[in-house]
Amino acid sequence: MTMPILFFAAGLGTRMGPMTADRPKPLIEVAGKPLIDHALDLANQAGTGTKVVNLHYRGDMIKDHLSGWEVAFSDESDALLETGGGLRKALPLLDESPVLTMNTDAVWKGPNPVRHILDAWRSDMEALLLIVEKSHVFGHLGKGDFRIDTNGRLHRAPQAIYTGLQIIRADVLSEINEAAFSMNVAWDLIAKRGGLFGTTYRGQWCDVGQPSSIPAAEGMLDV
């Protein structure tokens, strides 16, 4: 199974402090490779379809860096649309539903997470989020996002961490009136009708959200 994938690369990266003064966060290096390359490599290895990268802060730098990759770009330079609005704007480039979305500020150790979520997808799901247990997490400061029940459905609770990788049917986005909105708005709508599912990643995951996360990520990767 293949699906189109949107890589979220439009954020301002303010938590990275001076490191993003002259570059966007997806170009910060971990283990000698820009974060966005880590994400793209996983998608390529898993065999995804159309690849789209959304852009806002210093988007030209990301375009230049990816000039040799087979990717399309969704330009949000006029207005930052957050994750939900960014996905909705990118839909014409993705051209089908369901779609994958992946954050570009994380690194992984273990089985390919993109392949994992593709293999776990079922036709009765409206959205499937890849989560990870706290004991497998590095660099993340949050308290937890979801609890997964015995049927695989997700419920809000400070337990497992959302990894920034999901599959979602895009129809739900037409139910939201705001131009800029978080994916959380869509997930809450989906959860109310029982369509929000999770699958647990058994490898290790590092959220590269602040400067201290870089040595944590490199330690996780043993470099």
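The values are calculated or read from the model by the stated rules, or taken from the named source; none is laboratory data. Just so it is clear, the structure is predicted and the values come from calculations on it, not from any experiment. No Cβ is skipped: glycine too gets one built from the backbone with ideal geometry, and neighbour counts run over all protein chains shown. When the accessible area is computed, the model is the full protein with side chains, heavy atoms only, and any ligands, DNA or RNA have been set aside. Shrake-Rupley method; radii C 1.70, N 1.55, O 1.52, S 1.80 Å.
Considering region 50-99 alone, what residues qualify as being under 21 Å from Asp22 (Cβ atoms), aliphatic (A, V, I, L, M) and open to solvent by less than 10 Å² (accessible area, probe 1.4 Å)? Val53, Leu55, Ile62, Leu66 - these are the residues of region 50-99 that are under 21 Å from Asp22 (Cβ atoms), aliphatic (A, V, I, L, M) and open to solvent by less than 10 Å² (accessible area, probe 1.4 Å). Checked across region 196-212, the condition of being surrounded by fewer than 19 Cβ atoms within 10 Å (Cβ to Cβ) and without any contact (Cβ under 8 Å) to a residue 60 or more places away in the chain holds for no residue. Restricting attention to region 127-137, the residues that are within 19 Å of Leu100 (Cα to Cα) and either surrounded by fewer than 16 Cβ atoms within 10 Å (Cβ to Cβ) or β-branched (Val, Ile, Thr) (or both) add up to 2.
Residue-by-condition table, conditions (1) open to solvent by less than 30 Å² (accessible area, probe 1.4 Å); (2) out of contact with any Phe, Trp or Tyr (no Cβ under 6 Å at 6 or more places or on another chain); (3) over 13 Å from Ala191 (Cα atoms):
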site	(1), (2), (3)
Gly139	yes, yes, yes
Gly142	no, yes, yes
Asp149	no, yes, no
His155	no, yes, no
Ala160	yes, no, yes
Thr163	yes, no, yes
Ile167	yes, no, yes
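Within region 3-20, the set of residues being within 15 Å of Thr101 (Cβ to Cβ) and not aliphatic (A, V, I, L, M) comprises Pro4, Phe7, Phe8, Gly11. Taking first residues from region 1-15 that are more than 10 Å from Gly86 (Cα to Cα) and partners that are of a type in the set (Gly, Ala, Ser) and open to solvent by 10 Å² or more (accessible area, probe 1.4 Å), the Cβ contacts under 7 Å between residues at least 6 apart in sequence or on separate chains come to Thr2/Gly47; Thr2/Gly49; Met3/Gly49; Pro4/Gly49. Test His38 against the criterion of being open to solvent by 10 Å² or more (accessible area, probe 1.4 Å) and either touching a Gly at 6+ places or on another chain (Cβ under 8 Å) or of a type in the set (Ser, Thr, Tyr) (or both), and give yes or no. No: the conditions fail for His38. Scanning region 1-28 for residues that are open to solvent by 40 Å² or more (accessible area, probe 1.4 Å), over 16 Å from Glu70 (Cα atoms) and either modelled with pLDDT of 95 or more or among the β-branched types (Val, Ile, Thr) (or both) turns up just one, Thr14.
Considering region 122-223, the qualifying strands (runs of 3 or more DSSP E), each wholly inside and each with 2 or more residues that are out of contact with any Ser or Thr (no Cβ under 8 Å at 6 or more places or on another chain), run over 146-148, 154-156, 161-168, 196-201.
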